[in-house]
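Only one structure is covered here, and it is reproduced in the block below.
The values are calculated or read from the model by the stated rules, or taken from the named source; none is laboratory data. Here the structure is a predicted model, which means the values were calculated and not measured. Cβ: placed from backbone, ideal geometry, glycine included. Neighbour counts: every protein chain shown.
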Amino acid sequence: MNSYLEKYELDIIQLKQFEKYYELLIAENRKYNLTSIVEKKEVYIKHFCDSLEIINVMDFSKIVNICDIGSGAGFPGLPLKIKYPHLKLVIVESNRKKTMFLKMVVDMLKLDDVYILNERVEEIDIKYKDYFDLVVARAVSTLPILMELCIPYVKVEGNFVAMKGINYEDEIEKAQTGLKKLKSSIFAIKLYNLDEDMGNRALIIINKKNKTSSDYPRRYAIIKKSPLK
């Protein structure tokens, strides 16, 4: 399976870490209900490679503090941490069982500077407002909802990367008012295809221009019922 990871220029230790990650994911999947993707090739392509695609749009030499919101089984945050050990990673995951699994991965792979918060993102410590160089989220919600959950935690001139399927254009159209209210703009959109024809994806890179109002994020039930528009 390492052939799928070759293009990301990982060393032997990192490749072994991904192998251990896969083994633990499969061993613990039934207990923690982590993923419906269990075939090894699919895990490597749809989880590991998909997560690492962010390195093609971000200069990680200029990124230290990163937050992965709604990480689930650790994607994309933990693959990015494996690739770039210097990162200080905060993972926000509201599902307690999944946070237990995430802690197992971090301990097993001996990853430093990884902090796992078992909380709803809109309830995390206010110290994280306008704080992170980069916030990432994968398959959490629609873009108008996702922006309000994530952008408040990005520092000024930092970035939020939303990982979406190929049908992203309608979500972008509906997000325009929210972008203005959150003082942000879409910087770039990167389209890519997963190996073995396993799907088409889009990375939506949003740059934050100014501090977020204290009004945001609202509680999730309110955001879901009435997205910014």
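Yes or no, residue by residue, for (1) at pLDDT 95 or above; (2) on the phi < 0 side of the Ramachandran plot; (3) aromatic (Phe, Trp, Tyr):
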{"position": "Ile151", "(1), (2), (3)": "yes, yes, no"}
{"position": "Glu171", "(1), (2), (3)": "no, yes, no"}
{"position": "Leu179", "(1), (2), (3)": "yes, yes, no"}
{"position": "Lys183", "(1), (2), (3)": "yes, no, no"}
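Total residues in the range 77-103 satisfying the condition of being part of a helix (DSSP H, G or I) and among the hydrophobic types (A, V, I, L, M, F, W, C): the figure is 6. Could you please find all residues in the range 129-142 being modelled with pLDDT of 95 or more and buried (at least 18 other Cβ atoms within 10 Å of the Cβ)? Scanning the range 129-142 gives Phe132, Asp133, Leu134, Val135, Val136, Ala137.
Among all residues of the range 114-121, there is at least one that is surrounded by 16 or more Cβ atoms within 10 Å (Cβ to Cβ) and in a helix (DSSP H, G or I).
Consider the range 27-42 and keep the residues that are of a type outside the set (S, T, N, Q) and within 15 Å of Ser71 (Cα to Cα). The one that is farthest from the chain's Cα centre (by Cα) is Tyr32. Scanning the range 123-149 for residues that are aromatic (Phe, Trp, Tyr) and not in a helix (DSSP H, G or I) gives Tyr131, Phe132. Here is the figure for the range 192-229: residues that are of a type in the set (S, T, N, Q), touching a Leu at 6+ places or on another chain (Cβ under 9 Å) and over 28 Å from Glu119 (Cβ atoms) total 1. For Leu182, the conditions (1) hydrophobic (A, V, I, L, M, F, W, C); (2) surrounded by 16 or more Cβ atoms within 10 Å (Cβ to Cβ); (3) under 15 Å from the mean Cα position of the chain (by Cα) are fulfilled apart from (3). Looking at Pro227, Pro217, Pro152, which one is in a loop (DSSP other than H, G, I, E, B), crowded, with 21+ Cβ neighbours inside 10 Å and not hydrophobic (A, V, I, L, M, F, W, C)? The conditions single out Pro217. The test for being in contact (Cβ under 8 Å) with a residue 40 or more places away in the chain and aromatic (Phe, Trp, Tyr) does not hold for Tyr168. I'd like the full set of residues that are in contact with a helix residue (DSSP H, G or I) (Cβ under 9 Å, 6 or more places away or on another chain), part of a helix (DSSP H, G or I) and buried (at least 17 other Cβ atoms within 10 Å of the Cβ), limited to the range 30-51. The answer is Tyr32, Val43, Tyr44, Ile45, His47, Phe48, Cys49, Asp50, Ser51.
In this structure, does Ala221 turn out to be modelled with pLDDT under 95 and more than 13 Å from Met147 (Cβ to Cβ)? Yes. For Thr212, the conditions (1) in contact with a helix residue (DSSP H, G or I) (Cβ under 6 Å, 6 or more places away or on another chain); (2) over 22 Å from Ile91 (Cβ atoms); (3) in contact (Cβ under 8 Å) with a residue 60 or more places away in the chain all hold with the exception of (2).
Confirm whether Thr99 is at pLDDT 95 or above, under 20 Å from Ser141 (Cβ atoms) and of a type in the set (Val, Ile, Thr). Taking the combined requirement at face value, the residue satisfies it.
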